[in-house]
1. Applying the selection to region 4-46, what residues are small (Gly, Ala, Ser) and either touching a residue at least 12 places away in the same chain (Cβ under 8 Å) or surrounded by 15 or more Cβ atoms within 10 Å (Cβ to Cβ) (or both)?
2. All but one of (1) outside any loop (DSSP other than H, G, I, E, B); (2) out of contact with any helix residue (DSSP H, G or I) (no Cβ under 7 Å at 6 or more places or on another chain); (3) under 20 Å from ARG115 (Cβ atoms) hold for MET27; state the number of the condition that does not hold.
3. Would a scan of region 34-50 turn up a residue that is of a type in the set (A, V, I, L, M, F, W, C) and at positive phi?
4. Can you work out which of the residues in region 72-90 that are aliphatic (A, V, I, L, M) and within 14 Å of the chain's Cα centre (by Cα) is nearest to THR49 (Cα to Cα)?
5. If you scan region 47-67, which residues turn out to be touching a Leu at 6+ places or on another chain (Cβ under 7 Å) and in contact (Cβ under 8 Å) with a residue 40 or more places away in the chain?
Amino acid sequence: MLVRDAMSTVVLTIGPTHTLRQAARLMSARRIGAAVVHDPDTCGLGIITERDILDAVGSGLDPDRETASAHTTTDVVFAAPAWTLQEAAEAMTHGGFRHLIVLDGDGPVGIVSVRDILRCWAPARRTFAAAG
C-alpha cells in the first residue's frame, strides 16, 4: 500500500504569525494533529503539531502571544505519494516524528500520520464479547 492510499488530504496551512491558540483551534475544528506552516518570506514549509503546542503551553508559554513560527519544525522530511507505507514508517521511526507532509509537484497534497499507517496495517476492528 502507498502513502497516497493512507494520507489525509485535509491539509491545514497556516502562516507563521498565527498564535498557538489560533493553530490549536483550527487543528481541533478539523480533528487533525498537525498543520503545515507556510512562510512566504522564506518560501519554506514547516510543520507544527499538537505536541509542539502542548509542550509550549505546558512549559508556561502564553498561547495568545506565542506564534507558530517559534514552534515550527522547519527541518522537515517530506514524503511522496508513491512511497510505500513501509518507507513512510521507516522515515518516521528514524526521525522520531509522527507526521509527514506529502508533496507532489509544487506543494503539499496531504499529511500521513502514524495513525493513518496503523489504520491500513491493522485488521478491521472486531467487537469482542465480555468474558463471563
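1. If we filter region 4-46 for residues that are small (Gly, Ala, Ser), which is where we start, we get 6, 8, 15, 23-24, 28-29, 33-35, 44, 46.
Matches in region 4-46: ALA6, SER8, GLY15, ALA23, ALA24, GLY33, ALA34, ALA35, GLY44, GLY46.
2. (2)
3. Let us first name the residues in region 34-50 that are of a type in the set (A, V, I, L, M, F, W, C), namely 34-37, 43, 45, 47-48.
Filter again for at positive phi, leaving 43.
Yes, that holds for at least one residue.
4. Step one: filter region 72-90 for residues aliphatic (A, V, I, L, M), giving 76-77, 79-80, 82, 85, 88-89.
Restricting the remaining residues to those that are within 14 Å of the chain's Cα centre (by Cα) gives 76-77, 79, 88-89.
Details: VAL76: 12, VAL77: 14, ALA79: 17, ALA88: 17, ALA89: 18 Å.
Of everything passing the filter in region 72-90, VAL76 is nearest to THR49 (Cα to Cα).
5. Across region 47-67, the qualifying residues are PRO63, GLU66.
Values in this text are rule-based calculations from the coordinates and carry no lab data. Just so you know, these numbers come straight off a predicted model, no measurement behind them. Here the Cβ is made from the backbone with ideal geometry for all residues, glycine too, and neighbour counts use every protein chain on show.
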